[in-house]
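Read the structure below first, then the notes.
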């Protein structure tokens, strides 16, 4: 792993832990590094507060913190627990180009 990849992974972990800390509706956050450009952090947030929209594609929205010197663009796909279960069985449900390979899961501390 090169330094840029390590920095991106460290930032993704920090951001995931912050989101879990401040939003109690999030049960887990999955960091998806494979296939992402070096300047992009891709997260799937499993949100128990969402209402499912059957048939709707899973989309990602830009959620980059308003920090002027941040070298990463942050994309987040919010999914229900049921959608996450479906994605694990069929990763093709993720946004185009997203990949579960080498993903890292962060869970709420007990």
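Search segment 97-110 for residues that are farther than 21 Å from residue 20 by Cα and pair each with any residue that is assigned to a loop (DSSP other than H, G, I, E, B) when their beta-carbon atoms are under 6 Å apart and the residues are at least 6 apart or on different chains.
Matching pairs, first to second residue: 97/35; 98/32; 99/34; 99/35; 101/34.
Here is a check on your reading of the model: is residue 11 more than 21 Å from residue 109 (Cα to Cα) and crowded, with 16+ Cβ neighbours inside 10 Å?
no
FYI, it's all coordinate maths here, none of it is from the lab. The structure displayed is predicted, hence computed values, not measured ones. Ideal geometry is used to build each Cβ from the backbone, glycine not excepted, and the neighbour counts take in all protein chains shown.
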